[in-house]
1. Determine whether S205 is without any contact (Cβ under 8 Å) to a residue 24 or more places away in the chain and surrounded by fewer than 16 Cβ atoms within 10 Å (Cβ to Cβ).
2. Out of R201, R193, report the one residue that is part of a strand (DSSP E or B) and of a type in the set (K, R).
3. Quick one: would you say S137 is among the small types (G, A, S) and surrounded by fewer than 18 Cβ atoms within 10 Å (Cβ to Cβ)?
4. Please pick out the residue among R193, R201 that is of a type in the set (K, R) and touching a helix residue (DSSP H, G or I) at 6+ places or on another chain (Cβ under 9 Å).
5. Quick one: in region 229-239, which of the residues that are crowded, with 16+ Cβ neighbours inside 10 Å and under 33 Å from the mean Cα position of the chain (by Cα) is farthest from R213 (Cα to Cα)?
6. Quick check on my filter: what residues within region 204-228 are within 30 Å of the chain's Cα centre (by Cα) and not in a strand (DSSP E or B)?
Amino acid sequence: MKCWPLLLTAVLLLGGCAHHRAAVQVPPAPAIEEASSSTVVKSGPPPLDSPAETNGVLLSTKPLLVETGVASWYGAPYHNRRASNGETYDMGAMTAAHRTLPLGSIVRVINPENGNSVVVRITDRGPFIRGRIIDLSRAAAAQIGIITRGTAPVRVEVLKTPVPLEGGGRWAIQIGGFGNERAARDLAGHLSRRYHTAQVRTFDSPVGDWWVRVRVKDDLRTRAEEMMRDSSVSEAQMFLVRLD
């Protein structure tokens, strides 16, 4: 029984040590605002409103000009043929034809029916059908969902042009399409006799119709517009077209 006091003293000492260890405070984790921003890793897709760049243009760019009308698309008959800017037309590229925008312009085409959009570069001239404002490559048309229908109402936003839209440019009139070469050449002869300072050329298209293009003196837009007002061609349509 003499050892009982010693045993009790040892237990009390051990208990005191254990209590002391439990009282040790662990430093708290640093607050969120104290963390270095360089260590933060964000996952997931970027915000929808973050700017993206296509053809060297920020898609958040404010449009220089907005047009609404009908879009169409052109494919196989024109594929691998020379476009108006001198390049070879590739129906798999993101390009388009427009009658009056400067070649090399960058535009966004939006299909309001499904919300799809595509950014294209203007490399060609057309469409030469009344009521249509832009002719898309097959790939661009597929992106906004108009391949099956062939045409659709669209909104065209001009994002960038190589030259100012106001003034300048080389302009002409295009008349057609004629179902046969003779009708086109007859009109070309008539216009050449009537407008002595104009250059008149007849040519056919890959789909077999014929066209007449009239270049007025100095390629001025005002002269081309005057000729359109003064001339009437019942058998074909007339279009103002920019050559550059």
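Every read-out reported here was derived from the displayed coordinates using simple, explicitly stated rules and does not represent laboratory data. Just so it is clear, the structure is predicted and the values come from calculations on it, not from any experiment. FYI the Cβ positions are ideal-geometry reconstructions off the backbone, even for glycines, and counts take in every protein chain you see.
1. Considered against the rule, which asks whether it is without any contact (Cβ under 8 Å) to a residue 24 or more places away in the chain and surrounded by fewer than 16 Cβ atoms within 10 Å (Cβ to Cβ), S205 comes out as no.
2. Answer to the check: R201.
3. Considered against the rule, which asks whether it is among the small types (G, A, S) and surrounded by fewer than 18 Cβ atoms within 10 Å (Cβ to Cβ), S137 comes out as no.
4. Just a single option satisfies the conditions, and that option is R201.
5. Restricting to residues being crowded, with 16+ Cβ neighbours inside 10 Å and under 33 Å from the mean Cα position of the chain (by Cα), the top hit is A236.
6. Residues satisfying the conditions are S205, P206, V207, G208, D209, D219, L220, R221, T222, A224, E225.
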